[in-house]
1. Helix-only mean residue ellipticity at 222 nm, the chain, DSSP H runs n ≥ 4 weighted -39,500 (n - 2.57), per residue, nearest 500. What is it?
2. Where is the GNM fluctuation largest for the chain (alpha-carbon springs, 10 angstrom cutoff): G61, G103, G25?
3. Looking at the stretch 76-114, which trypsin sites (Lys or Arg not before Pro) are DSSP coil and have at most 10 other C-beta atoms within 10 Å of their C-beta?
4. If you take every DSSP beta bridge fully contained in the chain, what fraction is antiparallel? Give it as a percent rounded to 5.
5. Taking 0.36 nm per residue of separation and subtracting the Cα-Cα distance, what length does fully extending K14 through I104 add?
6. Just to be sure I understand the curve: with the Debye formula and one point per C-alpha of the chain, what is log10 I(q)/I(0) at q = 0.12, 0.14, 0.22, 0.23 Å⁻¹?
7. Label-point separation (nm) for Y29 and E80, each offset 7 Å from Cα along Cα-to-Cβ?
8. Can you list the lysines whose alpha carbon sits under 23 Å from that of K121, skipping same-chain ones fewer than 8 residues off?
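Read-outs throughout are calculated quantities, based only on the coordinates presented, and are distinct from any laboratory measurement. These numbers were taken from a predicted model, which means no experiment stands behind them. Here the Cβ positions follow ideal geometry from the backbone for every residue, glycine too, while neighbour counts run over all protein chains shown.
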Amino acid sequence: MPDIQPQTTTAWIKAVAESYGKRIGDIAYIFCSDEKILEVNRQYLQHDYYTDIITFDYCEGKRLSGDLFISLDTVRTNAEQFGASYETELHRVIIHGILHLVGINDKGPGEREIMEAAEDKALALLA
């Protein structure tokens, strides 16, 4: 299990959600391996590749709910690749999932830049 501060992280996630006019409902964080996230990606999304996070959205109105599968293997690899600490990269991935739940996408033209800016803004609130 990652060493995160539950109270601090929860307060941060709530603050980010509130900044988008949303509130936190039921959110499950499933920390797993690369192999497990590949299995989930294949089974539910028909994607045959590794990823750092898969977000299943169960939101209703302004209430954010969902399952966030996070590959700790990929988080560690990304941290090394980007020259970031493991904790910073883990927080980036956690908030990435929350930002998906508030409606920010990252697959279309120009969307990745919007997502990255939103991640940076959210990470600044944690510091």
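1. My calculation for the chain gives -17500 deg cm²/dmol from helical runs alone.
2. G61
3. K107
4. Looking only at bridges with both residues in the chain, the antiparallel portion is about 45 percent.
5. 30.8 nm
6. Evaluating at q = 0.12, 0.14, 0.22, 0.23 Å⁻¹ gives log10 I(q)/I(0) of -0.43, -0.59, -1.54, -1.65.
7. Once both label points are built, they end up 2.3 nm from each other.
8. K14, K22, K62, K107
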